[in-house]
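The values are calculated or read from the model by the stated rules, or taken from the named source; none is laboratory data. Treat the numbers as computed from the prediction; the structure is a model and nothing was measured. Cβ sites come from the backbone with ideal geometry, for glycine too, and all protein chains shown count toward neighbours. For the accessible areas, the whole protein counts, side chains as well, though only heavy atoms, and no ligand, DNA or RNA atoms are used. Shrake-Rupley method; radii C 1.70, N 1.55, O 1.52, S 1.80 Å.
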Amino acid sequence: MNYRMIMRIIAHILGLEILFMIPALLIAIFNHNNNVVIAFVQTMIITGVAAGCAWLIGRSARKGFYAREGLVTTGIAWIVMSIFGCLPFYFSEAIPHFVDALFEIVSGFTTTGSSILSDVEALPDSLLYWRSFSHWVGGMGVLVFLLAVIPLSGKNEGYTLHILRAESPGPSVGKLVPRMKKTALILYWIYIGLTVLDFLFLLVGGMPPLEAICTAFGTAGTGGFGVKNDSLASYSPYLQNVTTVFMFLFGVNFSIYYILLMRRFKDAFSDEELRLYLGIIFVSILVITLNILPLYDGFLTALRHAAFQVGTVMSTTGFATTDFDLWPSLSKTILFILMFGGACAGSTGGGFKLARYILLFKNLRRNIHESLHPTEIRKVRVNQVAVDEKILRNTNAYLVAYVAIIFATFLIVSLDGFSMETNLSAVVATFNNIGPGFASVGPTCNYSQFSVLSKLVMIGNMLAGRLEIFPILVLFSRGTWVRK
Amino acid sequence: MKILVAGGGKVGEVLVDKLGNEGHEITLIDSDPYVLEHIMEQYDVITVHGNAASMDTLEQAGVDESDLLIAATDADEVNMLSCMTAHGLNPEIHTIGRIRDPEYRQQAYRMRDLFGLNLVINPEQEAAIEIGRLLKYPGFLNIETFAKGSAEIVSLRIKKDSQLVNVPLKKLDSIIKCKVLVCAVVRDGVCVIPDGNFVVKENDLIYVTASADQLSTLLKNLGIIAREVKHVLIAGGGKISYYLALELEKIGMHVSIIESDPERCSLLAASLPNATIIEGDASSQNFLDSEGIERFDGMVTLTGLDELNIVISLYANEKNIPQIVTKLSHAENNRMLDSLPIGSVISPKELSCNSIIRYVRAMQNKQGAAITVHRIADGQGEAIEFIIDEKDLHVGEPLKDIRTKKDALIVSITHGNKTEIASGDSSYQVGDNVVVVSNGKATIQNFNDIFVD
């Protein structure tokens, strides 16, 4: 294991985090919020010292960076980033308990949007901004950002691919263009472009600038931290609709946007995952609208709420415009099932990813076919291209890990003695990076009532969900650390 | 530039490495997904899985916006078809095809336009030409030519009884009585760029720059008696042997080839009427003795096995054959062999990589990039040739007033037909060919990269 190289990358990450904190610090200075200014300055100094130490260790790193290092770096980087990122909350005593502060920032970076705060509006602007900005950074991935801006070593080394693969969601991650730096830049420019567009649309609708920035960040990263206690419920229908549309847009695989920019429209719209995504959205909205029609005055209002809630769960954002916990059982069940679905691979959304379902179901269909025709050789095809058997095996393994983690953490969280619906939906909502669940963790409630153990478990869940399990899992694997 | 490389074998991998380091955007095409995976993990490239000669694959790889296709798969036919198809899809594209089969040699040259080939690379033939040059100038381990043949860099191993042992380089001129410059020294496997106080030790491998007409003076004054090579024994009857025999017969040497496969023997006998073809096992000492190995003055080992080539060369050395050339397929940075007396080492794959890289740099030459590059000292060092243009710094200033990086050295300046070995008083003008030697620690793509800024 190339520890020094890992430390070097960690040093870069911490340096980047300090830079990211500057806007929040400026807001605090502007608002004369001395308490928070001091908290940020303290955090930046501590982070700077840590980054300096890491840099000293990693200064003379040798070459050699393989899949193992890529996974471990990604896992460690996210944990380290979260620990330092939560310090402003802790030092300013906005969130007095360390585990709570950690929960909040992990929920931010992993774009979950689960909060332990009962009164969000009491937070100072700078901390609100930092909380929402963590969504934006976490959405596309901080390591991908690093790849875009900093030359980590020789220009022609392929190891950066391991980082892209470990941090980006989806069963088969690849580059868009030969150079990693350019790939990362393209992804970030698309991301920035869409975010700015969202922000402008919100501004036009009359949202105050800071709230618009925070909401745009939350939407872009598919995070879901609101700046109001009732999330987006008190905003105008226009603002809610804008957010609905952008939540759906950020749940789409970003390489689709690249293909569109390359004017290969046919390729983009014939993508199987995109079609499934749009299909599920359409059907779910339709069924839920009809189901909740009696609760609202008029079809359009019902449609707006249905679309927003489907968008928030499907893209794993986690905003809310209404308390869907009060909806009929059918609608709630649909939302619960959608929680497992997740967005498209290569988007900023979390969850299991539709691409994996496509692979699993096509593989299942092949297995059924093969049991009827044992000698026939068949390939699983996605977008007319035969899928490598290795990807199918990995996807199967991923499903097992996914289910096992849900069961294990469900069991641990049950110790707290809440209802099964609360516990299960809390685990599912954190693991899939959605945010709100049902019952006691519904849209109007929060996660503060859980015990420290449960919160730690859910922190692990959020990280594992965002990084797609393996980067976190390898940190706990003996084979990673033991020298053979 | 955007470059497509077809075939991820040894040559493909070296090209991806070198060209990628020079900042080109590379797409690799191969039909084996595991090869692609392996290369993608090591280098910053994108890969396309498929047959490099198929239109779909080429289109997927973005042939319409690429500047160059290098077809280096192991099948000649695929390479030719690939270049043809690429040209059909994008008439602007440059193509380099690796064609190895002697039977295709003629048509690959004559029908270049038809196949859309801008450059034909034949590793075996290039190796044969290189070996031929080495045999022509016996005494040197390696010869690299610059400025259309008017400047050369040769390498010599310092033996125990050499008069250069323990001599500082600034006193070199008085011993060998002609103007040369030692531009690189490999000691214990490490390549250094020496200055005037550097003291030569036994067993050093020195690289000397000299103008072409002074090579024989150099040899004579160093006390190396260069016996002209007349009779060459070649172990192994592969493609290189065939090309080499043609090459050597042209300059009047007599060639004997030992080959164990009877069919191959009769094929060689049919196509090489002037050569002596011997059927037998070149690895057997008895057999070599019975063929009178000591009466040859040149030995070239070209069997398919590197190990065997080394062993035969060692035996030839013991039999005091003055000029030995050993072919190694896996010679990259092989410092283990540095101390073995196996004569000059030739690696066909490395040679073709160098030619391709040279071509790529020439394509870029408008931006002041190097026109030829030779890798020396087992690939640790590079000798690079530039043409000076208006943008280059320090034109007309004496070299002693210019500070260059300590890893780089200007070794020769060619002005018109006159080649001057660089000294403190030399200077270069716009339009001159300048050769720079570096030990590879700094990437030098542009002439101005050699200066301390």
When ligands, DNA and RNA are left out and all protein chains stay put, how many square angstrom of accessible area per residue does chain B have with a 1.4 Å probe? 43 Å²
When the accessible area of the stretch B:2-121 is computed with all protein chains present and a 1.4 Å probe, what percentage of it is carbon and sulfur? 47 percent
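Could the peptides A:296-304, A:178-186 be put in order, highest first, of the mean number of other beta-carbon atoms found within 10 Å of their residues?
Sorting A:296-304, A:178-186 by mean packing, highest first, produces A:178-186, A:296-304.
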What is the Cα centroid distance between the stretch A:32-52 and the stretch A:321-359, reported in whole angstrom? 38 Å
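To the nearest hundred square angstrom, how large is the accessible surface buried between B and A, total for both chains, probe 1.4 angstrom? Walk me through the numbers on the way to the answer.
On the way: alone 20380 and 20370 Å², together 39220 Å².
Its buried surface, counting both partners, is about 1500 Å².
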Please calculate the 1.4 Å probe accessible area of residue A:249, with all protein chains present, and give it to the nearest 10 Å². 60 Å²
For residue B:170, counting only aspartates and glutamates whose alpha-carbon sits under 13 Å away and dropping same-chain residues fewer than eight positions off, the answer is B:195
Checked against the positive end of the charge dipole of chain A (+1 on Cβ of Lys and Arg, -1 on Cβ of Asp and Glu, about the Cα centre), the farthest of A:321, A:460, A:345 is A:345
Can you compute the helix-only [θ] at 222 nm over the protein assembly as shown? Use -39500 (n - 2.57) per DSSP H run of at least 4 residues, normalise by all residues, nearest 500 deg cm²/dmol. -15000 deg cm²/dmol
Within 10 Å of each Cβ in A:173-183, how many Cβ atoms from other chains are there, averaged over the peptide? 4
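Place a +1 charge on the Cβ of each Lys and Arg in the stretch B:1-139 and a -1 charge on the Cβ of each Asp and Glu, then give the dipole magnitude about the Cα centre in debye, rounded to the nearest 20. Before the final figure, lay out the partial values.
Working: 10 positive and 24 negative charges, 155 e Å.
Taking the Cα centre of the stretch B:1-139 as origin, the dipole is about 740 debye.
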Accessible area per residue for chain A in Å², computed with a 1.4 Å probe and the full protein assembly in place, what is it? 40 Å²
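Could you give the dipole magnitude of the protein assembly as shown about its Cα centre, charging the beta-carbon of Lys and Arg +1 and that of Asp and Glu -1, in debye to the nearest 20? Numbers along the way, then the final one.
Numbers: 77 positive and 92 negative charges, 162 e Å.
Dipole of the protein assembly as shown, to the nearest 20 debye: 780 debye.
What is the percent of Cα-Cα separations in the protein assembly as shown that go past 52 Å? Display every interim value, and only then the final one.
On the way: 148165 of 438516 pairs.
For the protein assembly as shown, the fraction of Cα-Cα distances above 52 Å is 34 percent.
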Could you tell me which of B:86, B:329, A:94 has its Cα farthest along the dipole of the protein assembly as shown towards the positive end, charges placed at Cβ (Lys, Arg +1; Asp, Glu -1), taken about the Cα centre? A:94
What is the percent carbon and sulfur in the accessible area of the stretch A:1-107, measuring with a 1.4 Å probe over the protein chains and ignoring ligands? 69 percent
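Distance check, please: which entries in B:136/B:319; B:179/B:220; A:175/B:349; B:171/B:406; A:266/A:390; A:266/A:379 exceed 18 angstrom between their Cα atoms?
Distance filter (> 18 Å) returns B:136/B:319; A:175/B:349; B:171/B:406; A:266/A:390; A:266/A:379.
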Within 10 Å of each Cβ in B:46-53, how many Cβ atoms from other chains are there, averaged over the peptide? 2
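Run through the stretch B:184-250 and list the trypsin sites (Lys or Arg not before Pro) located in a DSSP loop whose Cβ has at most 14 other Cβ atoms within 10 Å.
Details: sites: B:187, B:201, B:220, B:227, B:230, B:239, B:250; in loops: B:201, B:227, B:230.
Answer in residue order: B:201, B:227, B:230.
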Name the residues of the stretch B:1-28 whose accessible area falls by at least 40 Å² when all protein chains are present instead of the chain alone, probe 1.4 Å? B:21, B:25
Which is farthest toward the positive dipole end of chain B among B:70, B:199, B:395, measuring Cα position about the Cα centre, with Cβ charges +1 (Lys, Arg) and -1 (Asp, Glu)? B:199
Which is the longest stretch in chain B that no exposed loop site breaks, taking sites as GluC sites (Glu not before Pro) with a DSSP loop state and at most 14 other Cβ atoms within 10 Å? B:229-389
